[in-house]
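The values are calculated or read from the model by the stated rules, or taken from the named source; none is laboratory data. All of these numbers come straight from a predicted model, not from anything done at the bench. Quick reminder, even Gly has a Cβ in these numbers, built from the backbone with ideal geometry, and neighbours come from all protein chains shown.
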Amino acid sequence: MNDKKTYLFDKPRNVKLVIWTLVLACAATLIADVFAHRHVDHPWESMFGFYAAFGFGAYALLVLVSEGLRLLIQRRKDYYDD
Amino acid sequence: MISVAPFLIFLVGAALAMVARGRVRDVIAVATPVVGAINLWALDGSAPMTVMLFGHELILVEVDRLSMLFGWLFHLAVFVVLVYNLYRPTKLEQVSILAYGASTMGAIFAGDLLTLLLFWEGLGLTSVFLVLARGTRKAERAAVRYLMLQVLSGVLLMCGIIVLINQGRSLAMAPLELEGLAAWLIFLSLGIKAGFPLLHNWITDTYPEATETGTVIMSALTTKTSIYCLASLFPGTELLIYIGATMTVFPIFYAVLEDDLRRVLSYSLINQLGFMITGIGIGTELAINGAVAHAFAHVMYKSLLFMSMGAVLYRTGKIGASELGGLYRTMPKTTIMCIIGAASISAFPLFSGFVAKAMVMSAALQGGYDWVWIALLFASAGVLHHAGIKIPFFAFFGHDSGQRPKEAPKPMLIAMFIASVMCIGIGVFPELLYDQLPYPVTYEPYTFEHVLTQLQLLLFAALCFVVLRVTKLEPHERPSVNLDIEWTYRWLLPRAGRWAYVKLGYFANHLRQLSQVGTQGTVWLVKLWHGPGGLFARDPLISMASLAVVIIFTLVLLLDLIQGY
């Protein structure tokens, strides 16, 4: 660890910049949803922000369920004795 | 123009590479897929090539739109991987990649099932060396398990073919109804190689154990060859829709929990195969086009991701998410190309996944498979988690592991660059791919609603990641084993075997003791009766016997006398 150089994301400012860009981009897609008239194939799709909510919810659900699953299926690294 | 069977070129290439050395061998290896591509170009639209073998006519090569597209794809994949391999070229890897390429070409251009069988077996036998080449004991064990399942798949296919021949049915590579023994045997055989649920585990068991290069080419060829065969033999088989949907969903949980990043990508591979299989199951023109387009795009971005992880493994000697982090500092080019692969698999607009994946999802909605559509949508968010975020984040960003490895070697960078260009090229100019698909394409990927909804899905899923990260709820990775169906044959079966051996041993012991007791008893009885002083050895008995003889003799004499009167 003799590396004294500072890299792009060593500055918290740059990390914040990335996060805020993402938040703004999310907001932009929601605003576009208000003004846009979307053609839909499925009734759920016509709900405002359906895809946004689904994306956020699916991700949270995935992590949550996996944590539960971890208790059930996770074993130590040398579990298989081969 | 003259053309030969595509597999021949690879076989000759493999043979030449086997005798050549050094730079010459490298040139032969890389040139083989190029010569193959020229041959493929000349092959387009040619008549079937047949040979007679044991009274059966084998259709060695039959060209159609589907096999041509897969042919181009696999030539490209083999080429890219052989370039990638130049960072540390070994004869074993180069020869097996070429022979493996020959098997794949043979399989996708096979005009009948017997020819397919020949190359189907070749797929496993040639690729296993890419696992063995890793040289670790773990790889060796995984290679044996791999070979067993690959051979099982071949045996099932062979049994299916035998039943077909017995029933006097055609062996042509034409759609089969999923009815009767033959079709089910063939279906299961393809299912093993395509990673159907419960038959999937060899993928995640073997691929992470192969060499840096081996994993890349294996992830590209075997499973997609099976996808090609499913599309040729079982299009529109409804069962495939549910099999495919299951495959998109269950691996993403494993991918979340897994620490080994190449194993994360292997689970992700099953998830991707699920999309293709769902498309084949729906079977409409849009769905089949979607499945094939997805296969094409997928080979490029999945190879790219595996290549970037191979570079990380090569430079750091580590591949666990818990051991890596912060590598963007010294491996910026690898980082950027990994992100291109991640954006492609997550289906961000302007990347290849975006123009491919949505076709299957549209087809699911149009076919009225609402729940399947929901499953695919959930799986799409899952892909963003494990392949879109986890792979680049834990390897190149995240916590600083303190490692400052060198940038990936040049050959690796060139290979990744070619794959990156393909990913973006297909994403920006989808017609290039669409024009090659089996059916005419009317699908328009870049509509306002498609771009907007896809961005919403992905950006908000990414936002969820940020929220979990900032609130420290995002789980930490740790080295571990996550139980999967392989538990049955890696844990249960050996133990059951040992248990049975011990129990049978007891039983055998008891049997032996019992027989000993029996023998001893018999000996004792014999001794008792016939031994010295035994019942039958006593002197009085001999006199008794002579007395009996005398009595009987007298009786006979008396009877004779009585009869005389």
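Which pairs do you get when a residue that is under 18 Å from B:PRO251 (Cα atoms) and more than 7 Å from chain A (Cβ to nearest Cβ), found in the range B:473-489, comes within reach of a residue that is among the hydrophobic types (A, V, I, L, M, F, W, C) and assigned to a loop (DSSP other than H, G, I, E, B), reach meaning Cβ atoms under 8 angstrom, with the pair 6+ apart or on two chains?
Here the result reads B:GLU477/B:ALA321; B:ILE485/B:LEU198, each pair linking the range B:473-489 to a residue that is among the hydrophobic types (A, V, I, L, M, F, W, C) and assigned to a loop (DSSP other than H, G, I, E, B).
Out of all the residues in the range B:366-378, which are facing chain A (nearest Cβ under 9 Å) and either under 21 Å from B:HIS298 (Cβ atoms) or part of a loop (DSSP other than H, G, I, E, B) (or both)?
Within the range B:366-378, B:TRP373, B:LEU377, B:PHE378 qualify.
Checking the condition out of contact with any Asp or Glu (no Cβ under 9 Å at 6 or more places or on another chain) and surrounded by fewer than 13 Cβ atoms within 10 Å (Cβ to Cβ), which residue from B:VAL24, B:VAL30, B:VAL12, B:VAL35 passes?
The match here is B:VAL24.
Quick check on my filter: what residues within the range A:40-67 are within 23 Å of B:LEU473 (Cα to Cα) and either touching a residue at least 60 places away in the same chain (Cβ under 8 Å) or more than 7 Å from chain B (Cβ to nearest Cβ) (or both)?
A:ALA53, A:GLY57, A:LEU61, A:LEU64
Hey, any hits in the range B:176-187 for a residue that's crowded, with 24+ Cβ neighbours inside 10 Å and over 19 Å from B:HIS298 (Cβ atoms)?
yes
Name the residues in the range B:210-244 that are more than 18 Å from the chain's Cα centre (by Cα) and in a helix (DSSP H, G or I), would you?
B:SER232, B:LEU233, B:GLU238, B:LEU239, B:ILE241, B:TYR242
When only residues in the range B:72-112 that are hydroxyl-bearing (Ser, Thr, Tyr) and more than 18 Å from the chain's Cα centre (by Cα) count, which is nearest to B:GLY124 (Cα to Cα)?
B:THR90
From the residues in the range A:24-39 that are facing chain B (nearest Cβ under 7 Å) and either at pLDDT 90 or above or assigned to a helix (DSSP H, G or I) (or both), which one is nearest to B:GLN366 (Cα to Cα)?
Taking the range A:24-39 first, the residues facing chain B (nearest Cβ under 7 Å) are A:25-26, A:29, A:32-33, A:36, A:38-39.
Next, from what is left, pick out any that are either at pLDDT 90 or above or assigned to a helix (DSSP H, G or I) (or both): A:25-26, A:29, A:32-33.
Working: A:ALA25: 30, A:CYS26: 28, A:THR29: 25, A:ALA32: 26, A:ASP33: 23 Å.
Filtering the range A:24-39 for residues that are facing chain B (nearest Cβ under 7 Å) and either at pLDDT 90 or above or assigned to a helix (DSSP H, G or I) (or both), the one nearest to B:GLN366 (Cα to Cα) comes out as A:ASP33.
Tally up the residues in the range B:245-272 that are part of a helix (DSSP H, G or I) and either not assigned by TED's automatic domain parsing to the domain that holds B:TYR301 or not β-branched (Val, Ile, Thr) (or both), please.
Qualifying residue count, the range B:245-272: 18.
For A:LYS77, which of the numbered conditions (1) surrounded by fewer than 16 Cβ atoms within 10 Å (Cβ to Cβ); (2) at the interface with chain B (Cβ under 7 Å from one of its Cβ atoms); (3) in a helix (DSSP H, G or I) fails to hold?
All conditions pass for A:LYS77, except number (3).
Scan the range B:397-454 for residues that are outside any loop (DSSP other than H, G, I, E, B) and more than 14 Å from chain A (Cβ to nearest Cβ) and report the count.
23
State which residue pairs qualify: first residue more than 19 Å from B:GLY425 (Cα to Cα) and within 12 Å of chain A (Cβ to nearest Cβ) and inside the range B:329-351, second residue crowded, with 21+ Cβ neighbours inside 10 Å and among the β-branched types (Val, Ile, Thr) in any location, beta carbons under 8 Å apart, and separation of 6 or more residues or different chains.
Qualifying pairs under 8 Å: B:MET331/B:VAL312.
In the range B:464-500, which residue that is aromatic (Phe, Trp, Tyr) and modelled with pLDDT of 90 or more is surrounded by the most Cβ atoms within 10 Å (Cβ to Cβ)?
Among those that are aromatic (Phe, Trp, Tyr) and modelled with pLDDT of 90 or more, it is B:PHE465.
Would you check if there is a residue in the range B:464-478 being touching a strand residue (DSSP E or B) at 6+ places or on another chain (Cβ under 9 Å), outside the structural domain of B:THR204 (by TED's automatic domain parsing) and among the hydroxyl-bearing types (Ser, Thr, Tyr)?
No.
Is it true that some residue in the range B:522-542 is in a helix (DSSP H, G or I), closer than 30 Å to A:ARG76 by Cα, β-branched (Val, Ile, Thr) and not assigned by TED's automatic domain parsing to the domain that holds B:PHE196? Steps first, answer last, please.
First pass over the range B:522-542, keeping only residues in a helix (DSSP H, G or I): B:522-530, B:539-542.
Add one more test, that the residue is closer than 30 Å to A:ARG76 by Cα, and what stays is none.
There is no residue in the range B:522-542 that is in a helix (DSSP H, G or I), closer than 30 Å to A:ARG76 by Cα, β-branched (Val, Ile, Thr) and not assigned by TED's automatic domain parsing to the domain that holds B:PHE196.
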